[in-house]
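Since the structure comes first, as structure tokens, the remarks are kept for the end.
Bear in mind these aren't lab numbers, they're just calculated from the coordinates by the rules spelled out. What you are looking at is a predicted structure, and each value in this text was computed from that prediction instead of being measured. Note that each Cβ is placed from the backbone with ideal geometry, even for glycine, and that neighbours are counted across all protein chains shown.
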Amino acid sequence: MARMRVNGQALEFALDPATPLLWALRDAANLTGTKQGCGGTGQCGTCTVIVDGGAVQSCAVTIGSLEGADVTTVEGLAGHPLTLALVAEDAIGCGFCLPGFVCAAAALLQQNARPAAEQLDALPTRCACGLQPRLRRAIGRAASTMAASGQPSQPPEPAPQTSPEIVTRPR
Ligand code: FES
Ligand code: FES
């Protein structure tokens with residue numbers, strides 16, 4: 001069992017605590033936006049989600065280590081300035097790389113509204129569709145939008161905890 005908040009919803013995973021967060025999200029919570037890219041070796045960043053405000057590779061962390069954590073997946077970032085910027089920059093190809101990129105870049109923008117070039121270089125942008133320049137432009141566009149709107153640099157306070165929905169693997 002492991003309880004956490006995922007995209008604002010209280011969930012209790014009725015799974016082995018050693019289950020990687022990636023598979024708990026995909027197989028139990030049906031949040032299939034998060035993708036596996038490198039076989040779960042922690043090297044590609046395609047599986048990145050946001051945990052307590054920071055980018056985390058979901059294939060490399062177990063649900064047992066996330067008791068009480070606040071998790072955001074790409075599904076929870078609909079309407080985020082970066083998601084809208086990707087559309088505006090025509091930066092959407094097959095979509096395979098995008099969930100990890102969006103989560104990593106959104107976490108970065110929340111921590112640093114004007115990220116340095118080295119921080120942008122460290123984002124998971126192994127885009128087989130060749131959209132890296134557009135992904136980069138989208139971050140700049142999102143940063144400008146967030147600055148213009150005065151969007152807070154820190155994530156909002158989590159809502160009060162409610163009874164968790166229990167999720168388990170489908171049989
Ligand atoms: S699947 Fe590649 S880092 Fe997680
Ligand atoms: S959009 Fe296809 S891999 Fe990036």
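Reported count of residues in region 1-20, each being surrounded by fewer than 16 Cβ atoms within 10 Å (Cβ to Cβ), outside any strand (DSSP E or B) and either under 17 Å from the mean Cα position of the chain (by Cα) or among the charged types (D, E, K, R) (or both), is 2. Residues that are under 14 Å from Glu89 (Cβ atoms) and either more than 16 Å from ligand 1 (Cβ to nearest atom) or surrounded by fewer than 16 Cβ atoms within 10 Å (Cβ to Cβ) (or both) within region 119-137 comprise Cys129, Gly130, Leu131, Gln132, Pro133, Arg134, Leu135, Arg136, Arg137, listed in sequence order. Look at (1) more than 22 Å from Arg26 (Cα to Cα); (2) away from ligand 1 (no atom under 16 Å from the Cβ) and you find that Leu77 fails only one, number (1). Counting the residues of region 62-91 that are touching a strand residue (DSSP E or B) at 6+ places or on another chain (Cβ under 7 Å) and either surrounded by 15 or more Cβ atoms within 10 Å (Cβ to Cβ) or on the phi < 0 side of the Ramachandran plot (or both) gives 10.
Residues are listed down the side, and each one gets a yes or a no for (1) touching an Asp or Glu at 6+ places or on another chain (Cβ under 9 Å); (2) among the hydroxyl-bearing types (Ser, Thr, Tyr); (3) more than 20 Å from Thr32 (Cα to Cα):
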site	(1), (2), (3)
Ala78	no, no, no
Thr83	no, yes, no
Ala104	no, no, no
Ala107	no, no, no
Pro115	no, no, yes
Cys127	no, no, no
Arg141	yes, no, yes
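When residues in region 21-77 are screened for being farther than 17 Å from Phe101 by Cβ, touching a helix residue (DSSP H, G or I) at 6+ places or on another chain (Cβ under 6 Å) and in a loop (DSSP other than H, G, I, E, B), 2 of them pass.
Checking Ala122, Ala85, Ala105, Ala55 one by one, the residue that is among the aliphatic types (A, V, I, L, M) and free of Cβ contacts under 8 Å to residues at least 24 places away in the same chain is Ala122 and no other.
The residue list Ala60, Ala18 contains one member that is in contact (Cβ under 8 Å) with a residue 12 or more places away in the chain and away from ligand 1 (no atom under 15 Å from the Cβ), which is Ala18. Testing Gln36 on (1) near ligand 1 (Cβ under 7 Å from one of its atoms); (2) more than 20 Å from Ala105 (Cα to Cα), one condition comes back false. Which one is that? All conditions pass for Gln36, except number (2). Listed by first and then second residue, the pairs linking a residue in region 27-40 that is polar (S, T, N, Q) to a residue that is in a loop (DSSP other than H, G, I, E, B) and more than 13 Å from ligand 2 (Cβ to nearest atom), with Cβ atoms under 6 Å apart and 6 or more places separating them unless they lie on different chains, are Thr34/Cys47; Thr34/Thr73; Gln36/Cys47.
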